[in-house]
1. Looking at segment 157-168, is at least one residue farther than 19 Å from V184 by Cβ, in contact (Cβ under 8 Å) with a residue 60 or more places away in the chain and not small (G, A, S)?
2. Can you name the residue in segment 64-83 that is assigned to a loop (DSSP other than H, G, I, E, B) and under 20 Å from M164 (Cα atoms) and, of all such residues, is least open to solvent (accessible area, probe 1.4 Å)?
3. Name every residue in segment 84-99 that is open to solvent by 40 Å² or more (accessible area, probe 1.4 Å) and among the hydrophobic types (A, V, I, L, M, F, W, C), in order of residue number.
4. Kindly indicate whether A86 is within 11 Å of the chain's Cα centre (by Cα) and not in a strand (DSSP E or B).
5. Restricting attention to segment 173-182, which residues are buried (at least 22 other Cβ atoms within 10 Å of the Cβ) and part of a strand (DSSP E or B)?
Amino acid sequence: MPVPARLPSWAWVTGLTVGAIAAVTVLGVQADRGSHPTATSAKPSSTASAQPTPTASAPARVPDGSGTGRRVVYSLGEKRVWLVDASEATRRTFTVWPGSVSPDPGTYTVSSRNAGTTGSDGVQIEHILYFAAKDGVSVAFSNAVDGASPPPAASGTKTGGVRMRKADGTALWAFGTVGTTVTVVK
């Protein structure tokens, strides 16, 4: 039986590095394509059975008419938020669950932030960024501490929370400091 030729040490290191990168890439793609469970509400409701689930697909570009520069863009029609940096690059985009009170289209700024509190629906929320008010209701981005999607609002209940998944809330909290522009489009 012939003896295999020895490879130089750099060839082994290169081969191991390429193999590791390939394995991490495959695992990342599988994780991205896997199911993304939606947690249930902290306060179950008899009407909470058919909750909408934000989608993972992302439009290619920020909506026209959303301004320029570093900003948060919130599309009422698409129920989607974009985090846009100063170079006009989208840093992150994600879908949201809007409350029953939506701000009018226009330009706002993050007026205050609150690390955590109880939402008007009784759910513990965090990463709250207040940016508008309408009909006596404060409008703010937030996420549930337990990652739950909000139950459908009881008829007549006014809620201004724009909820998102926990990871998206964490990203928005890091991006949206007081004074950050928030552009709301149809």
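The values are calculated or read from the model by the stated rules, or taken from the named source; none is laboratory data. Treat the numbers as computed from the prediction; the structure is a model and nothing was measured. Here Cβ is always computed from backbone atoms with ideal geometry, including for glycine, and neighbour counts include all displayed protein chains. In case anyone asks, the SASA skips ligands and DNA or RNA and just uses the protein heavy atoms, side chains included. Shrake-Rupley method; radii C 1.70, N 1.55, O 1.52, S 1.80 Å.
1. Within segment 157-168 (the criterion being farther than 19 Å from V184 by Cβ, in contact (Cβ under 8 Å) with a residue 60 or more places away in the chain and not small (G, A, S)), the answer is yes, since at least one residue qualifies.
2. Looking at the filtered set, the residue picked out is L76.
3. A86
4. no
5. V182
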